[in-house]
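This report concerns only the one structure given below.
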Amino acid sequence: MIENFDAKLNEYARLLVEVGMNVQPGQTPRISCPVDCAPLARLCAAACYDRGAREVVVDWNDDELARMKYLRAEEAVFGEYPPYQKAKLDWLLEKGSPNLAIIGSDPEMLKGVEPKRIQTWQRVAGSNSKAYYDAMDAGKFQWSIGAYPTPAWAEKAFSDLKGQAAIDALWDAIFDVCRVTGDGKATDRWREHIEATARRCEILNGYNFVSLHYTNSLGTDLTVQLPENHVWEGGAEDTAEGVRFVANIPTEEIFTAPRWDGVDGRVYGAMPLALDGNLVKDFYLDFRGGRIVDVHAEQGIEFLRHSIDLDEGSHYLGEAALVPYDSPIRKKGILFYETLFDENASCHLAFGSSYPTCVKGGADMDEAAQKAAGLNQSINHVDFMVGTEDLSIVGTTHDGKEVPVFVGGSFAF
Ligand code: ZN
Ligand code: ZN
């Protein structure tokens, strides 16, 4: 049993609604939630009404029913997108409804399902909901993500525990990394954290580095050039109407885009990388002129190779993110098997796509202009951890000055 569980769950719900979505009076927030996670959805809905929501729209889903449908429904169903679902997304988009997705899926929910059915549905659902999710990526409305441990997920993250013990352990970890203690003050702690993150972004943007040089005792020796008009982002975002929201709780990273053609040297993975449920361990990547020219791994190299070969853009970096080694997620020392948490464990790089907003005006450029500006394009985006206790990162400015950015695994400022 977790001490003070009800108070903590309520504090977490309020954090997601007040700081995550930042629901405004008169808005119509939408919450999507697995039925097994209903207690969190109910607390979040109550917190929305407390904030003056006009109405809270809740969309339930269920792993077992989803699996049953994949296994037993008529084939043609997966090629059809119901018009009422599209109408609903259009309706939410028109209202500018904030969105909260509560996640808690069995990581192996789709095991044994015919891949063709999944791909067909993903393509159909993807193209029909594209306008909605593009608007989300562009910050046209507030959105956030919450998590609620289910037995299958908890037992994957804590493989030595079973049932309730695993669930309690995962709850403990989630509350801890989300700074939820039961004292009701998580929202204050997050507002402070977001401000500190914004200050660091300002400092980094002020330096306008030409390149970053990563070194550590694992053998990493990597130079990453940054685009001319790169932007460091992190913490909160603002909608066009100026409503501040936090899409990911927890978030510890400050990130930008490397020049896709400006990465040289070797970088070692600092933690195992989970790719579709498979682990890649003790690996390094070699870069020349931005391209991955060699890979090495003690375990799971075929999964790493497969992911890098997915398309041409996967051979180049799309993200460079700074996270202090003493981040709350890293301190837990566990793999959550969920990017929402795991990508906040340490400094990471990602091969695959960049975020267009990491270059000034990038979101309004076409693909050719984005590429010319240094942004990478791919259907892939795979974060891998490179931060160690002794990681050093030195930035070089346009006038050739060298500035310590990371010393001993943490920010130098
Ligand atoms: Zn990241
Ligand atoms: Zn990433």
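The values are calculated or read from the model by the stated rules, or taken from the named source; none is laboratory data. On a predicted model such as this, the values are computed, not experimentally measured, just so you know. Quick reminder, even Gly has a Cβ in these numbers, built from the backbone with ideal geometry, and neighbours come from all protein chains shown. These accessible areas exclude ligands, DNA and RNA; they are computed on the full protein's heavy atoms, side chains included. Shrake-Rupley method; radii C 1.70, N 1.55, O 1.52, S 1.80 Å.
At-a-glance table
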read-out	value
Positive minus negative residues near S354 (Lys, Arg vs Asp, Glu; Cβ under 11 Å)	+1
Semi-axis lengths (Å, descending) of the ellipsoid that matches the C-alpha gyration tensor of region 51-168	28, 23, 12
Rounded if a/c under 1.5, otherwise prolate or oblate - region 222-349, Cα gyration tensor axes	oblate
Value of Rg to Rh for region 133-201 (Rh from inverse mean 1/r over Cα pairs, i.e. Kirkwood)	1.10
Region 259-301 versus region 312-379: alpha-carbon centroid distance in Å	14 Å
Percent RCO, i.e. relative contact order, over region 23-79, from Cα pairs under 8 Å lying at least 6 residues apart	43 percent
Residue-wise HN-Hα coupling along region 357-368, computed from phi with Karplus coefficients 6.51, -1.76, 1.60 (Hz; x: Gly, Pro)	6, 7, 10, 3, x, x, 5, 9, 8, 7, 4, 5
Surface share of carbon and sulfur [accessible, 1.4 angstrom probe, percent] for region 131-191	53 percent
Overall form of region 8-106 per C-alpha gyration tensor (a/c, 1.5; a/b vs b/c)	oblate
Dipole of the chain, positive end: most advanced residue of Y284, A297, L43 [Cβ charges, Cα centre]	L43
Cα gyration tensor, the chain - rounded (a/c under 1.5), prolate or oblate	rounded
Probe 1.4 Å, protein heavy atoms only - accessible area per residue of the chain in square angstrom	46 Å²
Net dipole in debye of the chain [+1 Lys, Arg Cβ; -1 Asp, Glu Cβ; about Cα centre; nearest 20]	620 debye
5 angstrom amide H check on F351, placed H, neighbours 5+ away	G318, V382, F384
Most mobile of F351, F245, F158 in a GNM of the chain (Cα contacts under 10 Å)	F158
Burial ranking of peptide ranges 121-128, 150-157 (average Cβ count within 10 Å, highest at the top)	150-157, 121-128
Length-normalised contact order for region 5-177 - Cα pairs under 8 Å, 6+ apart - percent	26 percent
Over the chain, relative contact order from alpha-carbon pairs under 8 Å, at least 6 apart, %	14 percent
